[in-house]
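Take a look at the structure set out below.
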Amino acid sequence: MYSDPHAAPFFLPGSNTGMLLLHGFTSTPQSVRYVGERLHAVSGATVLAPLLKGHGSSPEDLGQSCFKDWLGSAEEALEELGKHCRTIVAAGLSLGGTLALNMAIRHPDKVRAVTTINGSTGLYSAEHAVKFLESDSNIYFDGIGSDIRDDTAREICYDRIPAKAIRERYFLTLSTGMMLPLLKQPILILQSRTDHVVDPRNAERIAMECGSTDIRLRWLENSFHVATLDHDKDLIVNELADLLGRCDGFE
């Protein structure tokens, strides 16, 4: 569907420390490409950003995928990155942040630390909850992309979302939120103070309920939901580079 090469997955080889960088729901690696490329440049780390199944083609394809497919895409990328790196940090935007949390919890032997950027753990508004219970799988809702304060930036994403995919996202975010006490690795939580897609209270929930003793919560004051394309994108790069730099000291 997309002719823009920035929407494609990318792999940037570097050091033995790797960053798995996951895009969000209905989006593509374009939304995290700037951060990935800058992080690679400033840290020398290996960076891998896959395309989640059902994304980057059509809303209809998204409707044929499920949360297990999205986890599968992320886990395949984790395995691939493990062939090149001794230490791996999982990070992601929005649904990508949820997936990063999920993998850190279920694969603690492979994920040394985790970062969530405006990640969801199952806290939704009443209006969103109504959509989860929509029984007609042929229903489509309006897209949620390009929630960006910087009016010169845009996100490559679907303009429609199938009801089935919304239900799948709900199950994944809700179950991941319930598993937070099992997360023991160092965690960096980046959350936009103003976010029209994910309730900012998710950040506080992650900080309060995860089982880690190494927790950093940083509020993003100048970005909306797609912070990796917004005014705080370089701040995100710096925070991720700092986390990668600390990884060798983690036990």
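Things to note:
- Among the trypsin sites (Lys or Arg not before Pro) in segment 162-251, those placed in a DSSP loop whose Cβ has at most 16 other Cβ atoms within 10 Å are Lys184, Arg193.
- Computed with a 1.4 Å probe over protein heavy atoms only, the accessible area of Leu51 comes to about 60 Å².
- Computed P(r) (all Cα pairs; segment 1-138; 10 Å bins; percent): 12, 42, 32, 11, 2
- Whole-Hz couplings from phi, Karplus 6.51/-1.76/1.60, listed for segment 230-245; x for Gly and Pro: 10, 4, 9, 4, 6, 4, 4, 4, 5, 5, 5, 4, 5, 5, 4, x
- Gain in span if fully extended, Arg160 to Glu76, counting 0.36 nm per residue against the direct Cα distance: 27.6 nm
- Percent of Cα pairs exceeding the 19 Å cut-off, where the set is segment 99-219: 52 percent
- HN-Hα J in Hz across segment 30-37 - Karplus 6.51, -1.76, 1.60, θ = phi - 60°, x for Gly and Pro: 4, 5, 10, 5, 4, 4, x, 5
- Exceeding the 25 Å Cα-Cα cut-off - candidates Lys68/Lys110; Lys68/Lys233; Lys53/Lys83: Lys68/Lys233
- The 1.4 Å probe gives accessible areas that order Trp219, Trp70, largest first, as Trp219, Trp70.
- Distribution of pairwise C-alpha distances over the chain, 5 Å bins, in %: 1, 7, 15, 20, 22, 18, 11, 4, 1, 0, 0
- Each Lys and Arg contributes +1 and each Asp and Glu -1, all at the Cβ; summed about the Cα centre of the chain, the dipole is approximately 540 debye.
- Per-pair calculated FRET efficiency, R0 = 25 Å: Ile215 and Met178 via Cβ, rounded to 0.05: 0.85
- Helix-only CD estimate at 222 nm, as mean residue ellipticity for the chain, using -39500 (n - 2.57) per DSSP H run (n ≥ 4): -11500 deg cm²/dmol
- Karplus-derived 3J(HN,Hα) values for segment 148-161, using 6.51 cos²θ - 1.76 cosθ + 1.60 with θ = phi - 60°, are 10, 5, 6, 6, 9, 9, 9, 10, 7, 7, 6, 9, 9, 10 Hz; glycine and proline are entered as x.
- Accessible area of segment 77-125 belonging to carbon and sulfur atoms, whole % at 1.4 Å probe: 48 percent
- Sparse packing (at most 16 other Cβ atoms within 10 Å of the Cβ) combined with a DSSP loop state is found for the following chymotrypsin sites (Phe, Trp or Tyr not before Pro) in segment 1-42: Tyr2.
- Label zone at Ile139, where the point sits 7 Å out along the Cα-to-Cβ direction: segment 156-172 residues whose backbone N lies under 17 Å: 160-171
- Cross-link partners of Lys164 among aspartates and glutamates, defined as those whose alpha carbon lies under 15 angstrom from its own and excluding same-chain residues fewer than eight positions apart: Glu60, Asp61, Asp69, Glu134, Asp136, Asp142.
The values are calculated or read from the model by the stated rules, or taken from the named source; none is laboratory data. Just so it is clear, the model here is predicted, and its values are computed rather than measured. Neighbour counts run over all protein chains shown; Cβ positions are idealised from the backbone, glycine included. SASA here: full protein model, heavy atoms, side chains in, ligands and nucleic acids out. Shrake-Rupley method; radii C 1.70, N 1.55, O 1.52, S 1.80 Å.
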